[in-house]
Structures are given as structure tokens and as C-alpha cells.
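J.: Let me give you the structure first, and then I'll get to my questions.
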Amino acid sequence: MFPVFKIFEKLFKVPSGSKCSECQSLLKDSECPNMDCPLKVAYWIARWCSQAGLNIPAIDLPLAKRMARLHLVIHPGELYELSEGDWQRLDDVTGAVKKEAKRQLEESKNAEHTALLYGFRIDGVDADLAKRLVETFGRISRLRETKAEQLQAIKGVDECVAVAIRKWFRDSFNRKMLKILDRNGFRFD
Ligand SMILES: [Zn+2]
């Protein structure tokens, strides 16, 4: 993970018993438990668009925040299905930035599986581990079918991370996102 994200995540953490500054949910272990929290969505979008992810620099954290707060996106897959009307709602973003963002989004469909896996934001899977997992299993489609015990043979994968990977691919919200990505030209096998 890039240091800049570590800083953002640190800033995001506040003492327990408090409420999320963004969506007012009661924090759990200093984290907002609301999956639809615009701030959480924005960090996910920013991670997806980072250099270690799908490399879409035109969509930075401030733009990701605006998109999330306008409820234009709830996961990265939705970036690829923004309508003209959606883009128009981002009225403080210049036409040049929008054009560049759309071009970079199109180009990102050719991203390596390592970048995709990092962008999925699976607990415990940073850029290095994403690389090792893809080196070992080749494709995301194969990783998706891999049992927890086999995953644990990889350096950096303990029981927790293995379970997190298995859970991520079984989660219905994530599966919906994978479907949207598939429909937009991403290939996982
Ligand atoms: Zn929140």
C-alpha cells in the first residue's frame, strides 16, 4: 500500500465510541462499519485508480469523494457505467479532466490481474501480496476457486487473509461488481 493511503487511513481513524464524520454511523473498532459510507467508497475508488491499482490518475481522492458523495458510485465497477448525465453532475470538474478520466478508464480495462487484485481491496492483500498471488495462481479466475489451505501456502497469507480472500469472492456485493466489470470488457480468466 502506498504511504499516502496509510496517512489517509490514519486520519480516518478516530477514538471508538465516536461517530463517523461522514455518515454519522457509530464506529466499530475505530472504523466506520457502513459499507455505503461515501468516505469508504471514495478510498476504495482512489485505491482502484492508484498507480498500483488500475492507474487512472485523472480520478484522484478529491474527485472520488465527490463521486461518492453524489452517490454516482458505490464500488469501482460503477466507474465504467457512469452516464453522460452522471458526468455532468460533476459540474466543478473540467471537460479536459473528464475526457482524460474516460480515456484512462477505457485503457484500464487492459490492466494486469495483479492491479485488479490490489484494486479489489481484499483485507490483508497489498500490492506485493497481489503480485505473489497472481504469480502463483496465474489468473483471478483460478484464485477465486482456490481453497483456504492452498492459499496459506503463499508467503504472507495466514489463516485470516486466506479466509478474507475466500469471503471476498463469495460476497454477493463483490460478485455484482465482478459482473459489471465483466460486462465492461474485463476478463478474469
Ligand atoms: Zn461512515
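The values are calculated or read from the model by the stated rules, or taken from the named source; none is laboratory data. Note that the structure is a prediction, hence the values are computed from the model and not measured. Don't worry about glycine lacking a Cβ; one is built from the backbone with ideal geometry, like all the others, and counts go over all protein chains shown. SASA here: full protein model, heavy atoms, side chains in, ligands and nucleic acids out. Shrake-Rupley method; radii C 1.70, N 1.55, O 1.52, S 1.80 Å.
J.: What nm distance separates the two modelled labels at Arg170 and Glu112, each placed 7 Å from Cα along Cα→Cβ?
T.: Going from the Arg170 label point to the Glu112 one covers 3.1 nm.
J.: With unit charges on the beta carbon (Lys/Arg positive, Asp/Glu negative), name the residue among Ala68, Cys20, Ala164 whose Cα is farthest towards the positive pole of the charge dipole of the chain.
T.: Going by the Cα projections, it comes out as Ala164.
J.: Which FRET efficiency value, to the nearest 0.05, is calculated for Arg103 and Glu135 with the Förster distance at 25 angstrom and r the Cβ-Cβ distance?
T.: 0.25
J.: May I pose another question? Starting from the Cα of Lys155, draw a straight line to each of the lysines and keep only those under 16 Å, dropping any in the same chain fewer than 8 residues away.
T.: Result set, ordered by chain and number: Lys131, Lys147.
J.: Among the listed pairs Lys109/Lys179; Lys19/Lys176; Lys40/Lys98; Lys102/Lys167, which are separated by more than 24 Å between their Cα atoms?
T.: Lys19/Lys176; Lys102/Lys167
J.: Rounded to the nearest 10 Å², what accessible area does Met35 show when all protein chains are kept and the probe is 1.4 Å?
T.: Result for Met35: roughly 110 Å² accessible.
J.: Using a ≥ b ≥ c from the Cα gyration tensor of the range 139-186 (square roots of the eigenvalues), is it rounded, prolate or oblate, where a/c under 1.5 gives rounded and otherwise the larger of a/b and b/c decides, a/b for prolate?
T.: Here the range 139-186 falls in the prolate category.
J.: Please give the per residue accessible area of the chain, computed with a probe of 1.4 Å over protein heavy atoms only, in Å².
T.: 56
J.: Short version: ³J(HN,Hα) in whole Hz for each residue of the range 111-123, in order, from phi by Karplus 6.51 cos²θ - 1.76 cosθ + 1.60 (θ = phi - 60°), x for Gly and Pro, what are they?
T.: 4, 5, 5, 4, 5, 4, 4, 4, x, 5, 6, 7, 3
J.: Moving on. Pick out which of Ala96, Ala111, Ala64 has the largest mean-square fluctuation in a Gaussian network model of the chain, springs linking Cα atoms closer than 10 Å.
T.: Ranking Ala96, Ala111, Ala64 by mean-square fluctuation puts Ala96 first.
J.: Name the residue, out of Leu27, Leu39, Leu178, whose mean-square fluctuation peaks in a Gaussian network model built on the chain with Cα pairs under 10 Å.
T.: It is Leu27.
J.: With only Lys, Arg, Asp and Glu charged, each at its Cβ (+1 for the first two, -1 for the last two), find how big the charge dipole of the chain is about the Cα centre; round to the nearest 20 debye.
T.: Roughly 180 debye for the chain.
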